[in-house]
1. How much net charge surrounds ILE7 when only the other residues with a Cβ under 15 Å from the Cβ of ILE7 are counted, with Lys and Arg +1 and Asp and Glu -1?
2. With equal scatterers on the alpha carbons only and no solvent term, can you work out the Debye log10 of I(q)/I(0) for region 1-138 at 0.10 1/Å?
3. For a 22 Å ceiling on Cα separation, which of these pairs sit above it: LYS226/LYS333; LYS481/LYS645; LYS447/LYS638?
4. Can you tell me the order of 603-613, 202-212 when each peptide is scored by its average per-residue count of other Cβ atoms within 10 angstrom, highest first?
5. Go through 303-314, 635-646 and give me the packing order, highest mean Cβ count within 10 Å leading.
6. Just add up the charged neighbours of PRO312: K/R +1, D/E -1, any other residue whose Cβ is under 10 Å from the Cβ of PRO312.
7. Could you let me know the centre-to-centre spacing of region 154-219 and region 611-663, using Cα atoms, in angstrom?
8. Take the alpha carbon atoms of region 72-151, find their center, do the same for region 468-508, and report the distance between the two centers in whole angstrom.
Amino acid sequence: MSRKLLIDDVEIEVEDGLTLLQACELAGREVPRFCYHERLSIAGNCRMCLVQVDGMPKPVASCAMGVNDLRPTRDGTPNRVDTRTPLVKKAREGVMEFLLINHPLDCPICDQGGECDLQDQAMAYGGGGSRYDENKRAVDEKHLGPLIKTHMTRCIQCTRCVRFMTEIAGVEELGAAGRGEDMEITTYLEEGMLSELSANVVDLCPVGALTHRPWAHNARPWELRKTESIDAMDAVGSAIRVDTRGREVMRILPRTNEDVNEEWISDKTRHVADGLRTQRLDQPYVRINGKLQPASWDQALDAVADRLTATPANNIGAITGDLAGCEEVFALKDLMNRLDVVNLDCRADGEAINADHGRAGYLFNSSIAGLDEADAILLIGANPRTEAAVMNARILLSWRNSDLRIGVVGPAEDLGYDYDHIGASAADLARLADGSHPFAEVLKSAKRPMVIVGSAATARDDGASVYATAARIADAAMAGKDATWNAFNILHTAAGRVGAMDLGFLPSTNADQSASELDTVFLLGCDAPSISNLQAKFVVYLGTHGDIGAHKADVILPGATYTEKSVTYVNMEGRAQLTAKAAFAPGDAREDWKVIRALSDRVDKTLPYDDLEALRAAMYVAAPHLAQIGHLTPADAKATASLAKSDNGQLSDAPFEPAIDDFYLSNPIARASAVMAELSALRQTATKRTEAAE
């Protein structure tokens, strides 16, 4: 159903259910607002969005009135709505004058200056003066943790932050205390917020009452160069904007991508920027007499080349890390193939997932946006809150807005929403597979079921069996349903995992899987905890930080982070996306593929590309779907059926362990960040306090 409206003499037809504010925007009319946000519930408390509706004696708040609320006119003509009449202008000026009664007007020292909604709307809709001369109200500052700096005297009680924390983050940590002029936004126990998405409230704050503590007073927005890029802190592939000044990344902000992250990013994504600067590898090193010594590029590359040429191919291996982009993975695979090396792997944590049955065997096939349609979700060894925080917010929203049923096989963690806890071990999974658990009927009756398998489920001794059992559950849930919907999903934690699997960076069929150690191992940004147990006699590490991989290395080759190069990342659902070079790598560090290309010369296996365009042309031949930047390339669902038929042994009674021990310290960049270390300590303290109280 739809109805016609006359907005500023322009007749438009709008759908039922829209608000007047949305109708005005469809007509091309700008309506100012502070409390209204399209992703939050309607509060209607700032009154800035006033419009005049014919037949109503007073201006109305357009955000809180729907087009269905308008009375039909007597003559059947469309309802008339005006946004530019003198009455509306005067009303908005009065609202702005009222909002500025207590505002400190400290724009010269406010971090929000230059990108502040209050500034912009005061200039566009304010009256230019005030009739009030009373003393301004002062409000005590609040402690909201190490990420959020407060100036609550500026607050206009729009409650955007409160609604976000409750409705999107799923943690009721903010609320309003007091009434009238004494109303204040605060945490309930005056403690720091612990949500993984808490810093998004700063983006929502329209007046500078909440600003970012880590980069307070560091730079003005107009001083920064802005680069659109992609996040690499998890496998969601969130759209971000990297702001730099000179060679330094100053801050990271979200961009809107409706199919992936909407407009939110996790706190780790946003505030890991200081980790891009500290503990960096800025020159090559070679281990001499048991100690790493600074070396030139020639010395380091010669040392690696001498070792590779002197070692039999079957005693050489290569492992890629969580943050490795497709370009360097492709170049390394090309070089290793030319050296006849077959011991390749991108699953440093020992996951049992593979490409034997096609791409659908390792993708998030239902897609991230598909969470909005799901009516039943089974989580197997997965904790989306720590493994994909932005995606977890999407699950929460779907759970709030529908009859979504959620089941969990794994640790009973606080995910922000209610779920049926089926059990903690893989043995409990068997009850779903044979249909003896009631939740199996929930999956069977669902129109859009989703089975989500986490890293904790496949990176264990019976991982292959869990992997196949999950596929059987998904296959059974889809019996007789829409063939275009694939219920089987892998929740990856590493940004570079899917791209590496797409490029086939996996052990060859003739690789010696029984070999417990290799003579020489090439680590491409691999800092997985399992590397600590590596027993190879010679380790080459091409990476960015002095982390686990560098400590094991005999030769260190300094590389570039995701903000210092243009590379392709494929997110968990199979969407290829490009990062952009926002800053330069420090010192003598180089882009990873260039280092591999230079190494190929030293071993007389020169790679046939001298620039990034030529490399990508070769890469697109090997994996054509990587050229579809920004587009989702679905996989053939037949792979899931094939995987479901495989027999991979017995399920264990051992409980699932978390895939990520510490959300804030999950990769080398985060472990180098002082902000992430502070957040980690805060979380551990809060956890101990909670356990003591219980």
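The values are calculated or read from the model by the stated rules, or taken from the named source; none is laboratory data. Remember, predicted model here, so these are calculated numbers, not experimental data. Neighbour counts run over all protein chains shown; Cβ positions are idealised from the backbone, glycine included. With ligands, DNA and RNA removed, areas are computed over all heavy atoms of the protein, side chains included. Shrake-Rupley method; radii C 1.70, N 1.55, O 1.52, S 1.80 Å.
1. Within the 15 Å Cβ shell, the charges total -4.
2. For region 1-138, the Cα-only Debye profile gives -0.38.
3. Check vs 22 Å cut-off fails for LYS226/LYS333.
4. Details: 603-613: 13.9, 202-212: 23.0.
Ranking, from highest mean packing down: 202-212, 603-613.
5. Details: 303-314: 16.2, 635-646: 18.4.
Ranking, from highest mean packing down: 635-646, 303-314.
6. Details: positive: none; negative: ASP340, ASP519.
Summing Lys/Arg as +1 and Asp/Glu as -1 gives -2.
7. Between the Cα centres of region 154-219 and region 611-663 lies a distance of 38 Å.
8. Centre-to-centre distance over Cα atoms comes out at 49 Å.
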